[in-house]
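Remarks on the structure that follows.
What follows is calculated from the coordinates using simple rules that are stated; it is not laboratory data. The structure presented is a predicted model; accordingly, all values stated were derived computationally and were not measured. Cβ: placed from backbone, ideal geometry, glycine included. Neighbour counts: every protein chain shown.
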C-alpha cells in the first residue's frame, strides 16, 4: 500500500519540477515583433482599469497593447528602465511606460505635451484605495517601444 503512494508523490514532484523549469525558462515576448492585441488611447485604458480593474486585467494583462496619448513627463532616474508618463485621467492617474535602456535615445528625443504612440506589455495597475503610496493610480506598461 505504501509503494503506490510513494510512486504518486514522486510523479507529482517530477511534474512540479518540470512545470517550474518550463515556466522559469519561458521565452520573453518580443514587443517589436508582436502584433498588438488592442489599440487604445491612454485615457481609454486608464478608464477601463479605473472602472473595473478585474475586467480590465482579464482583457489586457500580459498582452501586447498599443497606446496613444499625450506625454506628461519623463523619468530618467532609473538607468535600467527609463519611464514616461502619459496623461490618463487628469491628475487622478496616468499610463506609466517603462523602456529598456536601448530605447533611451528615443525617450530623450520626446518632448513634453507631444502625442506619442507606445507598444508594450500591460502589467496591470498600481495604486489602490487601500494602499495609496503614490497618490495616483497608474496603468503600467513594460518593455515598451516607441512607434512614432
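Observations on the model:
- With neighbour counts taken as other beta-carbon atoms within 10 Å, the residues 3, 96 rank, fewest first, as 3, 96.
- Where labels lie 7 Å past Cα in the beta-carbon direction, separation of residue 77 and residue 61 in nm: 2.8
- Of the residues 109, 55, 11, the one that moves most in a GNM of the chain with alpha-carbon contacts below 10 Å is 11.
- Reference-scaled alpha-carbon Rg (2.2 N^0.38 Å with N residues) for the chain: 1.33
- In this structure, residue 53 and residue 105 have a Cβ-Cβ separation that, at R0 = 35 Å, corresponds to a calculated FRET efficiency of about 0.55.
- Calculated FRET efficiency for the pair residue 6/residue 34, C-beta based, R₀ 41 Å, to 0.05: 0.35
- Longest to shortest principal axis, alpha-carbon extents of segment 1-53, angstrom: 62, 30, 13
- Which of 59, 40, 86 has the fewest Cβ neighbours within 10 Å, and the rest in rising order: 59, 40, 86
- Fewest-first sequence of 50, 79 by Cβ atoms within 10 Å of each Cβ: 79, 50
- The chain: angle of helix 2-24 to the longest principal axis, Cα-based, in degrees nearest 10: 20
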